[in-house]
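Notes to accompany the following structure.
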Amino acid sequence: MTDSFDLVVRGGMVVTPSGPSEMDIGVRGGKIAALGDLAAAKSAEVFEASGLVVLPGVIDSQVHFREPGLEHKEDIAHGSKAAVMGGVTAFFEMPNTSPSTIDEAALNDKLARSKASAWCDHAYFIGGAEENVDKLDRLEQLPGCAGVKIFMGSSTGSLLVEREEILRAILRNGRRRISIHAEDEDRLRERQHIAKETAHPRAHPIWRDVETAVIASRRIAEMSRETGRPVHVLHVTSAEEMELLAHYKDTVTVETTLNHLTLAAPDCYERLGTRAQMNPPVRDERHRAAIWQAIADGTVDVIGSDHAPHTLEEKQRDYPSSPSGMPGVQTLLPLLLDHMSQGRLTLARLVDLTSAGPQRIFGIAGKGRIAMGYDADFALVDLGAQREITDDWIASKCGWTPFAGTTVRGWPKGTIVRGTIVMRDDEVLGTPTGEPVRFRMG
């Protein structure tokens, strides 16, 4: 009897946990049902992948899709469309929307919105705050919750957690890994005059200096070890932080972003102005080189986009009243493929940083690798394709990218989410069918 599948991905170079090998993938019921030579198999649909590399779908574990409350600059529909345009098959979205995601009702509202508009799978962080600290152990277990996020600096209202007793209480009330924005708020306030007096974004990494990040990173790393609660330090930007956090790998995992791997001060601020402004800031070449070294030596566990769009009109405000953040979910994989083409990382390391790493860190069920029984999430890429990134290609509602005009080698040609082809040759297909990401709670 000949096997029958819903989809066969045929003839691609498939990157499994054993390495790359030319094979077919049979998909049934949204899961990987067969790997090997499926030439004789019957299938309702075939994706001819000859000449392409089939990667596990990218899991972007840090995006800001701005819905609800800030939909003029981004929303779930546009943000997730940008994601699948870039080979991303699942995203984790941050809680600093309006209202903030700090209770079950706000989480369920985002999940309900996503049911009709998300082009890929998704989960949402609950913000750790003083008013929900005694509920976090229950909230973090809710379906569709990516875990708890703490802002130690650079947030507003209840999402800014500065007091040590509240930080410690959050760490002690639950067990899933907590994601951290680590900047010291006291030092930011003390040094804000630097930004105001300079009145140019080139002052951004001077105001938000390395010590601002190191103070907060050391504080949360020590607290993590003391309480036994694992933490994930987001968008690490400096040589000093990488050196510090390498000594805390028993409880601490580390993220960096493509922005900090690709841009460098002072050039980016002179060339892009406030479009290069983000928190924590893009630093100089010494720090960029140290981040690449931290990728090589294994200190970095995952790469996220920190997709945080604003309109160009907002970005054109005078610094420092201009908002921090830039889009990135769509450019994450093309930029990484280009870095790989230049010898900065291997294919295996790219896969670990973008799919297996997030799966391991957050305890994602059924995603992050091409293996039997896993969700059929794939990013199909042409490693030899040369393309220019343009604003016209960006699906994000903000309509721009700081990497416009950059030519890259390596391009996503198809995105498949649980066996459904959602993007092919720069065209998003069908209707949104994203579902909540599932987590192992054990």
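The values are calculated or read from the model by the stated rules, or taken from the named source; none is laboratory data. This one's a predicted model, so the numbers in the text were calculated from it and none came from an experiment. Cβ placement follows ideal geometry from the backbone for every residue including glycine, while neighbour counts extend to all protein chains displayed.
In region 176-239, counting only helices (runs of 4 or more DSSP H) that sit wholly within it, the ones holding 3 or more residues that are polar (S, T, N, Q) span 210-227.
Taken over region 254-286, residues that are under 25 Å from Pro358 (Cα atoms), surrounded by 23 or more Cβ atoms within 10 Å (Cβ to Cβ) and of a type in the set (Ser, Thr, Tyr) amount to 2.
When you scan region 237-249, do you find a residue that is basic (Lys, Arg) and under 21 Å from the mean Cα position of the chain (by Cα), even just one? First the steps, then the outcome.
Initially, region 237-249 is screened for residues basic (Lys, Arg), giving 249.
Cutting the leftovers down to under 21 Å from the mean Cα position of the chain (by Cα) gives us 249.
Yes: one or more hits.
Pairing each residue of region 395-408 that is in the same structural domain as His78 (by TED's automatic domain parsing) with any residue that is part of a loop (DSSP other than H, G, I, E, B) and modelled with pLDDT under 95, provided the two are 6+ apart or on different chains, yields no C-beta distance under 6 Å.
Here the condition is being over 14 Å from Ile59 (Cβ atoms) and over 19 Å from the mean Cα position of the chain (by Cα); of Arg349, Arg424, it holds for Arg424 alone.
The residues of region 216-225 that are out of contact with any Pro (no Cβ under 8 Å at 6 or more places or on another chain), buried (at least 18 other Cβ atoms within 10 Å of the Cβ) and over 9 Å from Glu241 (Cα atoms), listed by number, are Ala216, Ile220, Ala221, Met223.
The rows are residues; the columns are (1) of a type in the set (Gly, Ala, Ser); (2) in contact with a Gly (Cβ under 9 Å, 6 or more places away or on another chain); (3) at pLDDT below 95.
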position	(1), (2), (3)
Asp109	no, no, no
Arg113	no, no, no
Ala116	yes, no, yes
Phe125	no, yes, no
Asn132	no, no, no
Asp137	no, yes, no
Pro143	no, no, no
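Residue check: Leu167 meets all listed conditions (1) crowded, with 22+ Cβ neighbours inside 10 Å; (2) over 20 Å from the mean Cα position of the chain (by Cα); (3) within 24 Å of Trp207 (Cβ to Cβ); (4) touching a residue at least 40 places away in the same chain (Cβ under 8 Å) but one, namely (1).
Based on what the data block shows, is Ala146 within 20 Å of the chain's Cα centre (by Cα) and not in a loop (DSSP other than H, G, I, E, B)? In short, yes. Across region 263-318, the number of residues qualifying as in a loop (DSSP other than H, G, I, E, B), without any contact (Cβ under 8 Å) to a residue 12 or more places away in the chain and on the phi < 0 side of the Ramachandran plot comes to 0.
Which ones in region 23-73 are outside any strand (DSSP E or B) and on the phi > 0 side of the Ramachandran plot?
Gly29, Gly30, Gly51, Arg66, Gly69
Checking the stated criteria, Arg66 turns out not to satisfy the condition of being of a type in the set (Lys, Arg) and not assigned by TED's automatic domain parsing to the domain that holds Leu160. Within region 331-353, the presence of a residue that is aliphatic (A, V, I, L, M) and part of a strand (DSSP E or B) is excluded.
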